[in-house]
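Take a look at the structure set out below.
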Amino acid sequence: MLEQLEKLYQDAMAELEAVTSSEALREWDSRTLGQKGAVTLLLRGIGGLPKEERADFGKRANEVKLALAEAFAARETLVREHELARDLEEGQIDVTLPGRGRAVGGLHPSTQTLRELYHIWADMGFQVYRSRDVESDEMNFTLLNIPEHHPARDMWDTFHTTTPGVILRTHTSPGQVRAMRELGGDGSQPIRVILPGMCYRYEQVTTRSEMQFHQLEGLAIGRNIRMSDLKGTVTEFARRMFGANAAVRFRASYFPFTEPSMEIDVECFLCGGSGCRVCKYAGWLEIAGAGMVHPTVLRNGGYDPSQWSGFAFGMGPERMAMLKHGITDIRYFWGNDLRFLEQF
Ligand code: DAH
């Protein structure tokens, strides 16, 4: 068997010398060193040898195995180099082919819009106040001058939780009361905050309404804040957001938590007011609801309405992003379609 082993060694080495392709190399490997290879098979026969010969045979067999494996590795390197050189020569690797770009993540268009809004409002002295998404019925409605069973609650279709009185906020306005109570020093301190966050409504999802969306609420409380401050502040905001020439108009409206209330439009920046598809040929785009904080709400926040006043507004970042980028369907925002998201 020892002779058989030596012969196998010689033959295998000679065969390896003749191997010139990876394919032949693989074939030699499985035939010689593989699980069903010649060396393995020969080693299995060790049990048939007389006891005293086994040790010598085993030792030699392992030496042979090692030598073959080393020779194989050396040959493999050689063959690889050879093949690479050949491929290069034949032009199989086209080094002029442009590399593949690596996709990097990006910020969601809503996040981008929110950050733009934070910057603008921060420059105007407004600080971010974070309020909760899961709210009490009381904060979301009652304290905002919308009593239980009052028909004004129909303005907001609400998601209720299984805990009575606990809901998902339908707007960021309840944060007004929380901010007043936390930052107001029992009705002794002025406030200037913006309150960004996700809102939830039990709505039919359509191209124009989603059941979740962001709002950015604003609140300013002080001793002599008047309607003209609200108008001036919003006008300045619109200029910074939509350009120095952005025209703004105010329309009388109704919200239970402000009096008087209004809706704010900017001149359509796509058509310059002459009318187009985006502004539905009105020339104006609605960007926010606003008004002077209702005395009841001031009182609920801890302020004496005979000494203090304030303005508030609520705007929709997704709506602004839609207007700015000409997005025609709000459902894209939470659809997680990369073809949409990658455009921003
Ligand atoms: N909370 C209102 C809504 O979701 C928006 C709003 C209107 C907020 C007027 C305000 C405001 O702060 O003054 O429809």
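The values are calculated or read from the model by the stated rules, or taken from the named source; none is laboratory data. All figures in this text were calculated on a predicted structure; none of them were measured in a lab. All Cβ positions, glycine included, derive from the backbone under ideal geometry; neighbour counts span all protein chains shown. Heads up: the accessible areas ignore ligands, DNA and RNA and are worked out on the full protein's heavy atoms, side chains in. Shrake-Rupley method; radii C 1.70, N 1.55, O 1.52, S 1.80 Å.
A few points about this structure:
For (1) in contact with a strand residue (DSSP E or B) (Cβ under 6 Å, 6 or more places away or on another chain); (2) more than 11 Å from the ligand (Cβ to nearest atom); (3) open to solvent by 60 Å² or more (accessible area, probe 1.4 Å), each residue gets a yes or a no:
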site: Phe269; (1), (2), (3): no, yes, yes
site: Ser274; (1), (2), (3): no, yes, yes
site: Ile287; (1), (2), (3): yes, yes, no
site: Ala290; (1), (2), (3): yes, no, no
site: Gly301; (1), (2), (3): no, yes, no
site: Trp334; (1), (2), (3): no, yes, yes
site: Phe340; (1), (2), (3): no, yes, no
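- Going through (1) under 24 Å from Ser209 (Cβ atoms); (2) touching a Pro at 6+ places or on another chain (Cβ under 6 Å); (3) assigned to a helix (DSSP H, G or I) one by one, Phe344 falls short only on (3).
- Some residue of the stretch 87-107 being at pLDDT 90 or above and surrounded by 11 or more Cβ atoms within 10 Å (Cβ to Cβ): yes
- Checking each residue in the stretch 320-342 for being in contact (Cβ under 8 Å) with a residue 12 or more places away in the chain and either under 15 Å from Val177 (Cβ atoms) or out of contact with any helix residue (DSSP H, G or I) (no Cβ under 8 Å at 6 or more places or on another chain) (or both) picks out Leu323, Gly326, Asp329, Arg331, Trp334, Glu342.
- Counting only helices (runs of 4 or more DSSP H) that fall entirely inside the stretch 108-222 and contain at least 2 residues that are away from the ligand (no atom under 15 Å from the Cβ) and open to solvent by less than 20 Å² (accessible area, probe 1.4 Å), the qualifying elements are 109-123.
- Any hit, the stretch 33-56, residues being surrounded by 11 or more Cβ atoms within 10 Å (Cβ to Cβ), among the basic types (Lys, Arg) and in a helix (DSSP H, G or I): yes
- Scanning the stretch 220-240 for residues that are free of Cβ contacts under 8 Å to residues at least 24 places away in the same chain and under 33 Å from the mean Cα position of the chain (by Cα) returns Thr235, Arg239.
- Against the conditions (1) within 13 Å of the ligand (Cβ to nearest atom); (2) open to solvent by 10 Å² or more (accessible area, probe 1.4 Å), Phe313 satisfies every one except (2).
- Of all residues in the stretch 283-294, those that are within 19 Å of Met155 (Cβ to Cβ) have Cβ atoms under 8 Å from Cβ atoms of residues that are near the ligand (Cβ under 9 Å from one of its atoms) and of a type in the set (Asp, Glu), 6 or more apart or on another chain, in Glu286/Glu263; Ala288/Glu263; Gly289/Glu263; Ala290/Glu263.
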